[in-house]
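One structure is given here, and the rest of the page talks about it.
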Amino acid sequence: MTDSERKILTEQRNYRAELNEFRKKLKEKIENSNQVFITTHINSDIDAISSAIGISLIANKLKKKSYIIMDDKLETINTGVLTIIDATSNDFERISSLMIDEIKTDNDLLIVTDTNNIELVSCKEYINHFKSIAIIDHHDQNSKTIPSLTKFIKPQTSSTCEIVTTLLEDFRIDYDSDIATYLLAGIYLDTKGLRSETTTGNTFSIVGKLKDKNANIKFAEELQDETFETKLKVNDLIRLTNNYSYRFAICCGKNEEIFSQEMLAKAADELQGFNNDMSCAIGRLNENTVSISSRSNGKINVREIMEIFGGGGSLYRGAAQITDDTTTEEVQKKLVKILKPNFYISEQELKNE
Ligand SMILES: [Mn+2]
C-alpha cells in the first residue's frame, strides 16, 4: 500500500468513526424531543432540500413528526428545487418560519442541513427559540457558526447529501428510487457532476449505492438544468472575462446590471473549467450589494482573499458581498491590486485594466 492510499484509508476510518458518534448523539436528540424541525440555507439548492428530506425520513423512522422550514419566495426558487418540492409535497410537511411558534412545543429539536452560518439559515430569527440544535453540513465553520454540540461538519466532503445518504444507510432506512434520485442530484450539483476537487472514492461509492436503489441518473442531471435566461446572463458575464497572467480569470458585470448569486457562482465555475489557478465573477446583486464568487484549483487560498472583502469560504471556493457604496469595476480593481504583488500580474496587464 502506498503512503497516499494509507492516508486515505485512515481519513475514511476517522470519518466513519466520527459519523458513528454523531449518529448516536443525533438519535438520542431526536428520541428525546417531541417534534423535529429541519431547515437549511436561504436560496435553497438541491443539496439543501434533498438533505433536509433525507433527515426528515430519519425523524419519521424514529416516530417523530417532522417539518421542513423553508422561507424562500416561490418566484426565486430554482427550478430543480421546485420540482423536488412539488414531487414530495404529499410526503413532507413544509412550513415557513411564520408557522414555527404556532406548532412548536418546549421540547423540539432543530436540525440544520447544508449550512452552519446563522446569517444564511432560513429561519434565522427563530434560531433562539430552539434549545436543541443539530447541524449537518460541508461548509467551513467561522464566527457565524450556529453554536451546537451536536454537529457533523466536514468541509472536505462533497455534499451534505453524501453525508445524509450514509446516515440513511446507518439508520437502516428504506427509501424509494425518487428519494435516491434527489440525493444523487444533490451530490451532482455540489460536485459539478462528480468533477469537483471534493469528489472522493467515498463519493463514488455513495453514488453506486444510490444507483443500486434505482436512482435515475438522467433525471438527476436534468434537475440541474438552469433556465434559459440564467444561461444567457452567465454567458454574457463570461464574455467579459479578463485573463491575467498566472492563470487568473476575472469577469465583471456592468455596474448597472443585476445578477443573482447563483449566476455569479456558475460563471466562476465555468471559468474555473478552463484550468485557471483562480477564477472570479463579480456582479451587482442589488442596489446596495456587489458580490464576488471565486474558485481556485487549490494553489491559491480563496478564503484568504475573500476575507479581505469581508467574505469567506474554503481553499477552493468562496464568496464575498460588499455593501459599501462601490461599483463592480472598483471591486475588480481592488481585487487585481490584491492579487498583483503576490501573483505576478504584470504592470502591462494592469494598464489594460
Ligand atoms: Mn451543499
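Assess whether residue 50 counts as being hydroxyl-bearing (Ser, Thr, Tyr), touching a Phe, Trp or Tyr at 6+ places or on another chain (Cβ under 8 Å) and within 16 Å of the ligand (Cβ to nearest atom).
Yes; evaluated as a whole, the condition is true for this residue.
Scan segment 147-188 for residues that are more than 16 Å from the chain's Cα centre (by Cα) and basic (Lys, Arg) and jot them down.
Listed by number, the residues that qualify are 151, 172.
Which condition from (1) within 16 Å of the ligand (Cβ to nearest atom); (2) at pLDDT 90 or above; (3) assigned to a helix (DSSP H, G or I) is the one that residue 262 breaks?
All conditions pass for residue 262, except number (2).
Based on this model, can you work out whether residue 124 counts as within 16 Å of the ligand (Cβ to nearest atom) and surrounded by fewer than 21 Cβ atoms within 10 Å (Cβ to Cβ)?
no
Residues that are surrounded by fewer than 16 Cβ atoms within 10 Å (Cβ to Cβ), closer than 30 Å to residue 204 by Cβ and charged (D, E, K, R): does segment 89-96 have at least one?
yes
Taking segment 161-203, which residues are hydroxyl-bearing (Ser, Thr, Tyr), away from the ligand (no atom under 16 Å from the Cβ) and not in a loop (DSSP other than H, G, I, E, B)?
177, 181
I'm trying to understand the selection: among the residues of segment 206-252, which are hydrophobic (A, V, I, L, M, F, W, C) and assigned to a loop (DSSP other than H, G, I, E, B)?
Selection gives 215, 223, 240.
What are the residues in segment 265-303 that are among the aliphatic types (A, V, I, L, M) and either assigned to a strand (DSSP E or B) or without any contact (Cβ under 8 Å) to a residue 12 or more places away in the chain (or both), if any?
If the condition is that a residue be among the aliphatic types (A, V, I, L, M) and either assigned to a strand (DSSP E or B) or without any contact (Cβ under 8 Å) to a residue 12 or more places away in the chain (or both), then 278, 281, 282, 285, 290, 292 are the ones that fit.
The values are calculated or read from the model by the stated rules, or taken from the named source; none is laboratory data. What you are looking at is a predicted structure, and each value in this text was computed from that prediction instead of being measured. Every residue, glycine among them, receives a Cβ derived from its backbone with ideal geometry; neighbour counts consider all protein chains shown.
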